[in-house]
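Presented below is the structure to which this report refers.
The values are calculated or read from the model by the stated rules, or taken from the named source; none is laboratory data. Keep in mind that what you see is a predicted model, and the values were worked out from it rather than measured. Cβ sites come from the backbone with ideal geometry, for glycine too, and all protein chains shown count toward neighbours.
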Amino acid sequence: MSYLVYVAWFGASGVALLWLRDARIFWRTGLPGYRKAAYRGVACTALALAGVGVASIASLELVGLGLVLLALYLQGRVERERIWTTEPVLDRALGSAPRQER
């Protein structure tokens, strides 16, 4: 097993983190852009995990890394609303957003 499999796992965990962050922001704010991003994040995470599977099981590391990078690219293409202004980076990375009254 090559070191590229570990790189693929790291990329897939990044895609999953972005998906869970978008889902948390949607849950807290109810904004439609983050709803769409959370739904698309499910497919992107599945694509990234498929890339990890190709990289580790089929020993096609470069194809697997390509799938993971495609998932990362597609995850970032969703239009979202701006909700942060001056919050610290850790709050933004974890998806801490002000709650909206429903």
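Taken over the stretch 27-59, the criterion of being surrounded by fewer than 15 Cβ atoms within 10 Å (Cβ to Cβ), assigned to a loop (DSSP other than H, G, I, E, B) and not small (Gly, Ala, Ser) is satisfied by Ile57 alone.
Based on this model, can you work out whether Ala97 counts as crowded, with 17+ Cβ neighbours inside 10 Å, among the small types (Gly, Ala, Ser), modelled with pLDDT under 95 and not in a helix (DSSP H, G or I)? Spelling it out, Ala97 is indeed crowded, with 17+ Cβ neighbours inside 10 Å, among the small types (Gly, Ala, Ser), modelled with pLDDT under 95 and not in a helix (DSSP H, G or I).
The set of residues in the stretch 60-89 being of a type in the set (Val, Ile, Thr) and not in a loop (DSSP other than H, G, I, E, B) consists of Val63, Val68, Val89.
List every residue pair whose Cβ atoms lie under 6 Å apart, where the two residues are 6 or more positions apart in sequence or sit on different chains, the first residue falls within the stretch 73-96 and is closer than 22 Å to Thr45 by Cα, and the second residue, located anywhere, is among the hydroxyl-bearing types (Ser, Thr, Tyr) and buried (at least 16 other Cβ atoms within 10 Å of the Cβ). The qualifying pairs are Arg80/Tyr34.
Considering every residue within the stretch 45-56, establish whether at least one is more than 20 Å from Val7 (Cα to Cα) and in contact with an Asp or Glu (Cβ under 9 Å, 6 or more places away or on another chain). No: the stretch 45-56 contains no residue that is more than 20 Å from Val7 (Cα to Cα) and in contact with an Asp or Glu (Cβ under 9 Å, 6 or more places away or on another chain). State which residue pairs qualify: first residue under 14 Å from Leu94 (Cβ atoms) and crowded, with 23+ Cβ neighbours inside 10 Å and inside the stretch 11-26, second residue modelled with pLDDT under 90 and of a type in the set (Ser, Thr, Tyr) in any location, beta carbons under 9 Å apart, and separation of 6 or more residues or different chains. Close Cβ pairs (under 9 Å, with a partner that is modelled with pLDDT under 90 and of a type in the set (Ser, Thr, Tyr)) amount to Asp22/Tyr34; Ile25/Tyr34; Ile25/Ser96.
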